[in-house]
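Beneath this line is the structure, given in structure tokens, with notes to follow.
The values are calculated or read from the model by the stated rules, or taken from the named source; none is laboratory data. Keep in mind that this is a model prediction, so the values were computed, not measured. As a convention, Cβ positions derive from the backbone with ideal geometry for all residues, glycine included, and neighbour counts pool all protein chains shown. When the accessible area is computed, the model is the full protein with side chains, heavy atoms only, and any ligands, DNA or RNA have been set aside. Shrake-Rupley method; radii C 1.70, N 1.55, O 1.52, S 1.80 Å.
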Amino acid sequence: MPRTWNGKCAQGDVVTHTAWLNRSSILYAGEDKWSVDPRVSLVTLNQEEFTIKIEDVDMTDEGQYVCAVQTSSRPRTTSVHILVQVPPKIINLSKDIVVNEGSNITLLCQASGKPEPSISWKLISSSGDLASDDEYLEIPSISRRRAGTYECTAVNDIDTDVQTVDITVNYAPTVSEGRDVGVTLGQRGVLECEADAVPEADFEWYKDDRRILNGFDGMEIVNTGSLSKLTFFNVSDGDYGNYTCVAINKLGSSNTSFLLYVVIEPTSSTLLQGPRAVQDGSGGAMGVHSHTCLLFIVFLPFLLRF
């Protein structure tokens, strides 16, 4: 938008008086400045033209301007209407907000400008199903899917102005289903618990009904954002069993269960006995039973002699 306006008025050979006026107020009468506005100044005054200028034009300068020329025969006037166009500027915008899931939300965006700007809202991270062509955006019973950055756009024929509002939606934790873990005696084992929550959840671990503290019985708890890990550095017989992870924030809690179970590594003796020994589950007992039957058959003819 031009910021300076030049008002040019043709003179004549027999001009006796000349003046520039705005809404009946005299700006210049010949070389004499009547206006107290420092933005108004004289550019040219001679027999051919009478030109003034207004710098840093704003909305208050809009209106009709008249150049009045007095000649020896009759007065003459020339008028011009200044129409000021102003790019849009967002002047009133909702602040960033934090709300609980299920709350009703109203966002406001107001803008100045000429021509009057049109206002629109949209959720930047959305697929486009949440939008408004009004200065108000209503979001009833907001869900966690509606959290994110909302963009207000003000547009007119001159330019565009864009500003954003962030909405954070708090909700209670949801814990992913626990995955059971098998570990060999004396080895390292890890149970992992993941929770979706805003604000981020705090984690608690339990074995049966007893809470586990970090560093207790060679166990370590490490929480990183939405993930909590319970690590066993040297699994003992007493470590096997049921564990519970509880995720907690100010809106609620959620839990999931894990089973830490024993995994028996094959030994050289079980490998030599073959698959029948393993399936039997009692190992050498099957071998002893076989030898007993064989001895009974060998000694049976001897016993029959008596």
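General remarks:
- Rolling a 1.4 Å probe over the protein chains gives residue 262 an accessible area of about 80 Å².
- Placed amide H near residue 103: partners under 5 Å, 5+ positions off or other chain: 142
- Placing 3, 74 in order of accessible area, with the largest value first and a 1.4 Å probe, yields 74, 3.
- Accessible area per residue in Å² at 1.4 Å probe, computed on the stretch 27-96: 60 Å²
- The string of couplings for the stretch 249-258 from the Karplus curve (6.51, -1.76, 1.60, θ = phi - 60°) is 9, 5, 9, x, 8, 8, 9, 8, 10, 10 Hz, one whole number per residue in order, with x for Gly and Pro.
- When 150, 261, 171 are compared by accessible area of protein heavy atoms, the largest-first order is 261, 171, 150, using a 1.4 Å probe.
- Within the assembled protein chains, the solvent-accessible surface assigned to residue 33 is about 80 Å², based on a 1.4 Å probe.
- Residue 34 - accessible surface, heavy atoms, 1.4 Å probe, Å² rounded to 10: 150 Å²
- Only protein atoms count toward the accessible area here, which uses a 1.4 Å probe; on the stretch 89-163, the carbon and sulfur part of that area reaches 44 percent.
- Unit charges at the beta carbon, dipole of the stretch 27-186: most positive-side option, 106, 154, 164: 106
- Taking every protein chain into account, the accessible area of the stretch 180-266 amounts to 56 square angstrom per residue (probe 1.4 Å).
- Across the protein chains, with a 1.4 Å probe defining accessible surface, the residues 122, 207 rank 122, 207 from largest area downward.
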